[in-house]
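The values are calculated or read from the model by the stated rules, or taken from the named source; none is laboratory data. Everything quoted here is computed from the prediction, not taken from an experiment. Neighbour counts run over all protein chains shown; Cβ positions are idealised from the backbone, glycine included. Note: areas computed on protein heavy atoms with side chains; ligands, DNA, RNA excluded. Shrake-Rupley method; radii C 1.70, N 1.55, O 1.52, S 1.80 Å.
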Amino acid sequence: ILNVEQSPQSLHVQEGDSTNFTCSFPSSNFYALHWYRWETAKSPEALFVMTLNGDEKKKGRISATLNTKEGYSYLYIKGSQPEDSATYLCAFAPYNQGGKLIFGQGTELSVKP
Amino acid sequence: EAQVTQNPRYLITVTGKKLTVTCSQNMNHEYMSWYRQDPGLGLRQIYYSMNVEVTDKGDVPEGYKVSRKEKRNFPLILESPSPNQTSLYFCASSGGDLYNEQFFGPGTRLTVL
């Protein structure tokens, strides 16, 4: 059974703090790693799809890095804002397993003004 | 507007009464997938489809059926629903394969009594 772990499970920060979370996935058989942002009462929305070892992606204040050899990805948020409050999900796509996508349980971020 | 639609959005039903949740996308995407979300368990993949007439099991396929007769539609069928299928269901689609981000539908909240 392929396992995807995210840590921490939840995080409470003050506005302006920078923060980061971790997604751990199997280091063998890598195809792609997805990050999604999921606000309460809405649907998950894609942040990044990462496909190469050493990949770094950035969208505004949010960035992500990828290490496929050791099986982890970091998501960074610089200068957190209350509107960043959401659950952040990562999902691992294994190679040679068609369209299988395995999600972690998510990191719930709460940013206080 | 590019979107994934699901119907119904909310459904309360009784054990054993067959139901279908529809999913449709207007982006000409090859890949479609169904997930269920349960507290503490994250998103779990039920079935996915890489293209028309090509479907495969995800991690939790028991009790569900799918079909992909047209590119835009990917219905989820519960032949004999049971209370343990009470959950929040999401449909998603992406162009090509899992090198591409997924677009999620609005979700269907299903309660089986």
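If you go through region B:1-47 and pick out every residue that is touching a helix residue (DSSP H, G or I) at 6+ places or on another chain (Cβ under 9 Å) and within 15 Å of B:Lys71 (Cβ to Cβ), you end up with 0. If only residues of region B:47-86 that are within 11 Å of chain A (Cβ to nearest Cβ) and among the aliphatic types (A, V, I, L, M) are counted, the one that is farthest from A:Ser43 (Cα to Cα) is B:Val54.
The condition (being within 11 Å of another protein chain (Cβ to nearest Cβ), open to solvent by less than 10 Å² (accessible area, probe 1.4 Å) and touching a residue at least 60 places away in the same chain (Cβ under 8 Å)) is satisfied by just one residue among B:Tyr89, B:Tyr35, B:Tyr31: B:Tyr31.
Looking at region A:15-113, the strands (runs of 3 or more DSSP E) lying wholly inside it that each contain 1 or more residues that are among the small types (Gly, Ala, Ser) sit at A:19-24, A:30-38, A:45-50, A:62-67, A:72-77, A:86-94, A:107-112.
Looking across region B:1-33, the residues that are of a type in the set (A, V, I, L, M), over 13 Å from B:Leu110 (Cα atoms) and outside any strand (DSSP E or B) come down to B:Ala2, B:Met27.
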